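For reference, the structure discussed in these notes is given below.
Just so it is clear, none of the values below were taken in a lab; they were calculated from the coordinates. Computed from a predicted structure; not experimentally measured. Cβ sites come from the backbone with ideal geometry, for glycine too, and all protein chains shown count toward neighbours.
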Amino acid sequence: MDRREFISSASVAATALAALSDTPVAKAAASERVRVGMVGAGGRAFSLNATFSANPNVEIVAIADIDPGKLPRTVDEVTKRQGKAPKTTNDFRHLIDDKSLDAIVVGTPDHWHAIPTILACMAGKDVYVEKPDSHNIIEGQRMVAAMRKYKRVVQMGSQHRSTTRMQTAIEYVKSGALGRCLVAKAWESSKQGSIGKPADSDPPANIDYDFWLGSAPKRPFNVRRFHGHWRWFYDYGTGDLGNDGVHRLDMAIAVLNAASETQGDGSIGLPRRIQAVGGKWYFDDMQEFPDTLQVNYEFAGKAPKILTYEMRVWSAYNMEAESEGAALYGDKGYMILGNSRWRAFGPNGQLVKEVTGDSDEKPHVQDFIDCIKNRKKPYCDLETIGHPASVLCHTGNIAARLGRQLVLDPANESFVGDEQANALRGRPEWRKPWVLPEV
């Protein structure tokens, strides 16, 4: 199914499509004001709508969401910030087909990241997509292929990459102050609660539930498999490893890679071996992903290195005085990175440097807007930063599901001699009509 066939299959909300395409709006040049379509209005997408609409270089032209109940609050917020009301639609494909748009922002559940991103690239639009980049490895690879082929700017929403806090930490590591570094760690302690075991029910009357399912298998509606809790199910999400863990893993990778390149070992790339220990040990509920997990990633490269990830979503705790964060260990000192600071310590544990700073997403959005104009790679470029960080999440989840060590071929992101693991790199099938577009 090519892009034209895919888009022409949309028969829902034809009136909304006309409203998006036919309303005469003076289009500013991309070098002056970027015209954006937002895919998603609730949850994380609400924050993205607020941040993009507050940027003086952006106009949110349209917002798409299948849940009409999510639109009024978001439209009000956008209108207040940019002084002009956006159009609305229940079908993101209307945004893809609107030639007046320069960029698409994807703030959907994980299982809806790939298709809008790929179609937007094919339509000549740049993309800001939330983390992780995709629901699975195959989808992420296809997104990267679309980005390359159509020469698009694609920024993944790991906003810490654009912060002064993160950039100064990387520069400190490059100074060599920590010495030779071989080990990094990431941890996550965002405490979650039980989601219970409610019975299946009818979907809300105003929701196109089949559309919401998209490529995922057809299943009865359940309130816990829908808004807010979808991330805990294999069909739609990537668990807490892909939810919050991707930030902490990428923080660790950023400084570990900086150390590796500085000490002459080259880029660390993707891990060669992945081993996970843990499972669903605490909550007696519908969640499918582990609530207790440790993952070890071994990087082969010129000189071996290791990254360990730890997650306990049932127990809030601090590690190295940070509730969630990353650490890099060298033979002359070590570094602890949190969400509002980083600290460097000497070989005897003495604090030698501390830099504070927040994780506000405004610089990350501005970086994306700047790159639309100058065509440079953004701080969290999909191909070189976002997708590799997402692969760590996907491979860790697969290792946890199978309960054994996996050997990854970094060249093609497949598992060596393991059919069962490779079957989990994607879906058994992408349910029609939401088949993953060919690139």
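Inter-label distance, Ser175 to Asn222: 5.2 nm, where each label sits 7 Å from its Cα along the C-beta direction. In the neighborhood of Ile63, defined by Cβ-to-Cβ distances under 10 Å, what is the net charge if each Lys or Arg adds +1 and each Asp or Glu adds -1? Taking every other residue near Ile63 into account, the sum is +1.
Helix 387-402 axis versus longest C-alpha principal axis of the chain: approximately 80°, rounded to the nearest ten. Seen against the Cα atoms of the chain and their longest principal axis, helix 44-54 is set at about 80 degrees.
As a proxy for reagent exposure, ranking Thr117, Thr79, Thr238 by other Cβ atoms within 10 Å from fewest up yields Thr79, Thr238, Thr117. Calculated mean residue ellipticity at 222 nm for the chain: -9000 deg cm²/dmol, from DSSP H runs with n ≥ 4 weighted as -39500 (n - 2.57), summed, divided by the residue count and rounded to 500. The lysines within cross-link reach of Lys131, meaning a Cα-to-Cα straight distance under 24 Å and a gap of 8 or more places when in the same chain, are Lys70, Lys149, Lys151, Lys185, Lys191, Lys280, Lys362, Lys373, Lys376, Lys377.
Extension gain, Asn412 to Lys332, is 25.2 nm, computed as 0.36 nm per intervening residue step minus the present C-alpha separation. For Leu307, the shell of other residues with beta-carbons less than 15 Å away shows a net charge of 0, using +1 for Lys and Arg and -1 for Asp and Glu.
Beyond 33 Å, what share of the Cα-Cα pairs of the chain remains, rounded to the nearest whole percent? Show your work: numbers first, answer last.
Working: 32505 of 96141 pairs.
Summing the P(r) of the chain above 33 Å gives 34 percent of all pairs.
Taking the fewest neighbouring Cβ atoms within 10 Å as the starting point, the ordered list for Phe233, Phe299 is Phe233, Phe299. Between Lys432 and Thr384, the simple label model (points 7 Å from Cα in the Cβ direction) yields a spacing of 4.2 nm. Here the chain carries DSSP beta bridges of which approximately 60% are antiparallel, counting only pairs with both residues inside.
Compute the FRET efficiency between Phe211 and Lys84 as 1/(1 + (r/R0)^6), taking r as their Cβ-Cβ distance and R0 = 25 Å, and round to the nearest 0.05.
0.35
Net charge dipole, the chain: roughly 700 debye, given to the nearest 20, about the Cα centre with Cβ charges of +1 for Lys and Arg and -1 for Asp and Glu.
Projecting label points 7 angstrom from Cα along Cα→Cβ for Lys353 and Lys377 puts them 2.4 nm apart.
The longest part of the chain holding none of the exposed loop GluC sites (Glu not before Pro), meaning those outside H, G, I, E and B in DSSP with at most 15 other Cβ atoms within 10 Å, is 33-287.
Working out 0.36 nm times the residue gap between Lys362 and Arg73, then minus their Cα-Cα distance, what length gain in nm do you get to one decimal?
Using 0.36 nm per residue and subtracting the Cα-Cα distance, I get 102.0 nm.
Around Met147, with a cut-off of 12 angstrom between Cβ atoms, what is the net charge of the other residues, counting Lys and Arg +1 and Asp and Glu -1?
For residues surrounding Met147, the net value is +3.
Axis angle, to the nearest 10 degrees, between helix 164-174 and the longest C-alpha principal axis of the chain: 40 degrees.
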